[in-house]
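A quick write-up on the structure given underneath.
The values are calculated or read from the model by the stated rules, or taken from the named source; none is laboratory data. Keep in mind the model is a prediction, meaning the values are calculated, not measured. Note that each Cβ is placed from the backbone with ideal geometry, even for glycine, and that neighbours are counted across all protein chains shown.
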Amino acid sequence: MEYTADEIKNLKACINDLISVLALPAIWIGREPSQILSTLLDVLLGILRLDFAYARVSNSIGVAPIEMVRLAHPRNLTAQPQEIGRMLNPWLSGDPPTSPLMVPNPIGEGEVSIAPFRLGVFDEVEVLVAACQRADFPTETERLVLQVAANQAAIGVREARLMSDQRRLAEELDQRVAQRTRQLTAVNEELRKENVERKRAEEALRGSEERWRAVFENSAAGIALANFTGRFLATNFAFQKMLGYSEEELRELSFLDVTHKDYRDANSELTAELLEGKRQYFEMEKRYQCKDGNLIWVRVHVSLVSGTQSIPRFLLAIVEDITERRRAEETLRKTQAELAHVTRVTTLGEMTASIAHEVNQPLAAVVNNASACLRWLAASNQDEARQSAALIVADAHRASEIIGRIRAFVTKAPPQKAWLNINETILEVLALARSEVQGNRVSLQTHLSDDVPLILGDRIQLQQVILNLINNAIEAMSGAVDGPRELQVGSAKDQSQGVRVAVRDSGPGLDPKSLDHLFTAFFTTKPQGMGMGLAISRSIIEAHGGRLWASPNDGPGATFQFTLQACSKQE
């Protein structure tokens, strides 16, 4: 195959350009990333007859990236490299295009064809952009030269950073050696002092042992020593009184013998991790079975005590009786459940008109369809009568579903956690609040992600939280005369692979002075409010292991959102 003179000329020019680019690393040795960029842009501008060339590379962690631009013709450039970079950013994400890309000229009028290339494999921050007003730019040979230049620059910048890191590490090593020398000098001085104080310490040790014995015997908290199998070696009076056993009886037992069966596996697992060195100590709340058969709640702090030449290692347990505290917590939980139920009933009471409207719609449809059915029957039109009867059944089911949701929402029952799809829970609440939304002329938008994981939670309690946030948003927008009333409810997977639910409104927003008190009990910004809705909502979310917070929007309104932890469901 023979080539024309122009093709041979272009081929020679391409080879010369590639040789020029491939020679660049030789002059980059020992240079900084900024010097590498400067040389690269100057060379490309000359050999490819570009209008301008732009490059950006990261300098180091926590420092703004280096940005440079070179122009083909001297002119007064008002835009800085950073501004040009922002103007080019919309076309720099994703894979580099294989065909000419025409964009608005960031340094002049009209459009310019650009060819972007990444200088890193995974980092979209580091880019090289060549620009020319020729419509066919870049040609295949020009793209080849630019690709080789980008690869060479990426290697050069990486090596420059590596050399910079090596210099920094060498400096840090020198500093560490000097610091270590000072430390060793100080240690030697301390050793000299320790030799002087050793005899005095031995005398103090005897006194310390006496004090330890006094603390052990007279401590208000239960103290127990045990060997690696959990068998008691020694117990103080408080521990003996707590369980009702004498010290001799306890020496025939172990931790697991007095631990309720529901907590033995967890206790054994934590103890094994402690003995294997996987943890320094562990704490757990569990139930002990006393000698008389009664069960008590205790908080146990267990640590491993290093042995001596004469005494082997042993387990030290400090035990606190928390039975009364657990009873108080249980009473508090019941009280909170009662208050939450009252809040749900109050919420439905405030929504009576909306609920009545929601129920009346299917009931009115039932009446209309029943009348139509009678007319069709009188006219002996069985097909139309059958269709009317089917519509009656559908509307009756719809009314039944509405009443069922209301009854479930006000049911007074203990919390029952089950596997839930948060999107289904949100849709159930929106169906309950639909008339309230329409009656207040609110535009509702939902953004429910399909990949949210299942959560373990109480459906009614979470419905209460979501409904409370939606009602608050509607009330916040109800006083707005001008401007749109937009309500957005969304769900998504958060950074910890859990679930995040957000309720966003376009109301007047949040008062910065009251932001820290929004979730405090009895604090309210409403004239008729009790100040308990958000406090109860936060306690419900925290009981589910999540977090509830509020933040002002960039524009009008505020966003209330909460997160819930996802659990691995055992099939």
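Of the helices (runs of 4 or more DSSP H) that lie entirely inside the stretch 235-286, those containing 3 or more residues that are more than 23 Å from ARG326 (Cα to Cα) and touching a residue at least 24 places away in the same chain (Cβ under 8 Å) span 264-275. Among the candidates LYS493, LYS526, the residue that is basic (Lys, Arg), assigned by TED's automatic domain parsing to the domain that holds PRO453 and at pLDDT 80 or above is uniquely LYS493.
With respect to (1) farther than 19 Å from TYR54 by Cβ; (2) assigned to a helix (DSSP H, G or I); (3) modelled with pLDDT of 80 or more, the lone exception for GLU142 is condition (1). Looking across the stretch 482-513, the residues that are surrounded by 14 or more Cβ atoms within 10 Å (Cβ to Cβ), assigned to a loop (DSSP other than H, G, I, E, B) and of a type outside the set (Lys, Arg) come down to ASP494, GLY498, SER506, GLY507, PRO508, GLY509, LEU510.
Give the residue, chosen from ALA385, ALA340, ALA394, ALA356, that is outside the structural domain of GLN464 (by TED's automatic domain parsing), hydrophobic (A, V, I, L, M, F, W, C) and modelled with pLDDT of 70 or more. That would be ALA385, the only listed residue that is outside the structural domain of GLN464 (by TED's automatic domain parsing), hydrophobic (A, V, I, L, M, F, W, C) and modelled with pLDDT of 70 or more. Being touching a strand residue (DSSP E or B) at 6+ places or on another chain (Cβ under 9 Å), at pLDDT 85 or above, of a type outside the set (Asp, Glu) and farther than 16 Å from ALA502 by Cα holds for only one residue in LEU444, LEU448, LEU454, LEU427, and it is LEU454.
Suppose the filter is at pLDDT 75 or above and surrounded by 15 or more Cβ atoms within 10 Å (Cβ to Cβ); does LEU275 pass it? No, not satisfied.
Against the numbered list (1) modelled with pLDDT of 85 or more; (2) surrounded by fewer than 11 Cβ atoms within 10 Å (Cβ to Cβ); (3) in the same structural domain as VAL258 (by TED's automatic domain parsing), THR229 comes up short only at (1). Residue count for the stretch 532-552 satisfying the condition of being touching a residue at least 60 places away in the same chain (Cβ under 8 Å), touching a strand residue (DSSP E or B) at 6+ places or on another chain (Cβ under 8 Å) and of a type in the set (Ser, Thr, Tyr): 1.
Beta carbons closer than 8 Å, at least 6 apart along the sequence or on distinct chains, pair a first residue in the stretch 304-326 that is in a loop (DSSP other than H, G, I, E, B) with a second that is small (Gly, Ala, Ser) for ARG313/SER306; ARG313/GLY307.
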